[in-house]
Amino acid sequence: MAEDYDVLVVGAGLAGMRAALAAQQAGCTVAIVSKVYPVRSHSNAAQGGINAALDEADSWESHAYDTVKGSDYLGDQDAIELLAREAPAAIIELEHMGVVFSRDEQGRLGSRNFGGASHARTYFVGDFTGQALLHVLYEQLVRSGIMTFSEHFVTRLVHDDDGRVSGALGLDMRSGERRMWTAKAVILATGGMGRVYEPSTNALICTGDGMAIAYRAGAPLMDMEMVQFHPTTLKSNGALISESARGEGAYLLNRDGERFMQTTAPHAMELASRDVVSRAEQIEINEGRGVDGCVLLDVRHLGAAKIMERLPQIRALALEFAGADMITDPVPIRPGMHYEMGGIKTDVHGATPLPGLFAAGECACVSVHGANRLGANSLLETVVFGRRAGEAAAAYATERGPVRRSPSLLDDESRLLNLLLARPDGIRPAALRQEMGQTMTVDVGVFRQAETLRAAQAALVEMRERFARVSVGDKGRVFNQALVSVLELDFMLDLALAVVAGALAREESRGAHTRVDFPRRDDAHWMRHTLAFHTPGGPRMETMPVAVTRWQPTERVY
């Protein structure tokens, strides 16, 4: 089957829905394709809040500077200025749509402190802000009448003869039918690639599909080595314990009950930026001052009433998966893979170097996060740059002429998938996926060095070779999740190799990328982004300079 639209959005999280609404408001016909039902998107998992300089004592300039500093000066400052300038209006717009933000005693929007921020500018809905935003945006989507193809998995982009992106091919997961969507502009908003690592705070659906199909189509991936490890995740399953706990005043303790952040970040303490806190925790663990491979998060001093009001979801998570009640017990936590700062290279309008292709959200890299994302800037990025990408894609689609459909591509894709289904029993994809994830966590983690990075690279190349013998156990057509898992693994292996290539190339330590063999930040040589281009033999690496508008790099202390 084939469908025709002005703008096709792949992904139905916050960035995708905001982009779709903006494109429709600009007068375009729009459709969304998502491999899950929209309210099951991973935007649900964002707990702590969304940043904006709304208080009279705050300013967008302060927000922008905190973001630049948090990025360890790798963030593009033109994009960061836009993010901070447009944040207040984005928050007010969300409230007008129906988001019931928490309020203070005077009835004003309530805010909390978050790591790396010089002002309490994180606005929130308890500790489930992402879920609240997602459901309100979905209400707007339903009201708009935008066509949504849920439980459809996009496998590749389609190009015109002139090289412009003109749609996508995919799989209707419920029926097994192959589909084509023709569009004058495509926006990728497919989220992150957290499941390249195991464990991860990310949902099982976060397999980097959009990044991979753009990469294979010729778009560069930027700064893929910049993988954020969140300081507070549960050891048992990698579940996220929100930064909102530290924003409300939680302590981080080692085995001896010491607040070890006093040494690392004497001013910001537990509210230093995430890369700083994660390194400090890992050092405590590595040097034997941890507790069974963890450190402790302590909120007991906040009292039961405040914990139940502000942190109910993470209390339930700690109870269920760690057996610790935050009201009476410290919770064992450790750094865990959380967010990919890199992604598909875009400009501030969401445009990629491929004509007709746009991207927004975690799958994109407009580079507002640089080498380290500040907490609560991710939700902000989805709505600010989701809207901008939707508007830009609509403008592009309006100027573009009719798009020619190529039915033969659908037949080619069907043959490829049929060959995969027909492959005889071979390697189990789940085992290979687990091996890949564990390799990334051990060898491409908080601390890195050439020896282990090269070992990871060799192991991934060998896994890529073994992937040719992976088989799909379920030979059926209807809701074949085994087939989808194999397609996801194919994408993830490409992305894992891009992460390692970037980590090997960047011979310095900056933000979340810590090379023990290159322990210092090297502004003379590495105020540059890495760019990975797909080739049959693996990533081809280039670099480009960081955009600096007003803040020159200085020593980064908290």
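The values are calculated or read from the model by the stated rules, or taken from the named source; none is laboratory data. Quick caveat: nothing in here was measured; it's all calculated off a predicted structure. When we count neighbours, we look across all protein chains shown, and the Cβ atoms used for this are built from the backbone with ideal geometry, even at glycine. Quick note on the areas: whole protein, heavy atoms, side chains included, nothing else; ligands and nucleic acids left out. Shrake-Rupley method; radii C 1.70, N 1.55, O 1.52, S 1.80 Å.
Here the Karplus relation 6.51 cos²θ - 1.76 cosθ + 1.60, evaluated at θ = phi - 60°, turns the backbone of region 95-111 into coupling constants of 5, 5, 5, x, 5, 8, 5, 5, 10, 8, 5, 8, x, 7, 4, x, 10 Hz, with x for every Gly and Pro.
FRET efficiency for the pair LYS475 and SER144, taken as 1/(1 + (r/R0)^6) with r the Cβ-Cβ distance and R0 = 45 Å, rounds to 0.70. With the convex hull of the Cα atoms taken as the outline of the chain, the averaged projected area works out to 23.9 nm². Amide H contacts under 5 Å for GLY167: VAL158, ALA183, restricted to partners 5 or more places along the chain or on a different chain, H placed in the peptide plane at 1.01 Å from N. Computed from the C-beta positions of GLU507 and GLU435, the FRET efficiency with R₀ = 30 Å rounds to 0.65. With protein chains left intact and a 1.4 Å probe, residues in the chain average 36 Å² of accessible area per residue.
Annotation for region 402-439: trypsin sites (Lys or Arg not before Pro) lying in DSSP loop with at most 13 further Cβ atoms inside 10 Å of their Cβ are ARG404.
Could you calculate the contour length gain from ILE92 to ASP523, that is, 0.36 nm times the residue separation minus the distance between their Cα atoms, to one decimal place in nm? That works out to 151.4 nm of additional length. Under 5 Å between amide hydrogens, built in the peptide plane, is the criterion, and for SER273 it picks out GLY116 among residues at least 5 positions away or on other chains. Computed from label points 7 Å out along Cα-Cβ, the spacing between ALA547 and ASP347 is 0.9 nm.
Scalar couplings 3J(HN,Hα) for region 475-490, obtained by applying the Karplus form with A = 6.51, B = -1.76, C = 1.60 to θ = phi - 60°, are 9, x, 9, 7, 6, 7, 5, 4, 5, 4, 4, 5, 4, 5, 4, 4 Hz; x denotes Gly and Pro. Segment ASN418..GLU56, full-extension length gain: 124.3 nm, with 0.36 nm per residue of separation and the alpha-carbon distance subtracted. For VAL154, the amide hydrogen comes within under 5 Å of the amide hydrogens of LEU171, counting only partners 5 or more places away or on other chains and with H modelled in the peptide plane. Treating r as the C-beta distance of ASP162 and ASP104 and R0 as 51 Å, the FRET efficiency rounds to 0.35. For region 202-219, putting each phi into the Karplus relation 6.51 cos²θ - 1.76 cosθ + 1.60 with θ = phi - 60° gives couplings of 7, 5, 5, 7, 7, 10, x, 4, x, 4, 5, 6, 5, 4, 5, 7, x, 7 Hz, in residue order, rounded to whole numbers and with x for Gly and Pro.
For the chain, the longest principal axis of the C-alpha atoms and the axis of helix 14-25 are separated by about 50°.
In plain terms, the chain from SER408 to ASP325 could stretch by 24.0 nm, reckoned as 0.36 nm per residue minus the Cα-Cα distance.
In the chain, the portion of solvent-accessible area held by carbon and sulfur atoms comes to 52 percent [1.4 Å probe, whole percent, DNA, RNA and ligands not counted]. Partners of LYS345 within straight-line reach, counting lysines whose Cα lies under 30 Å from its Cα and excluding those fewer than 8 residues away in the same chain: LYS35, LYS69, LYS184.
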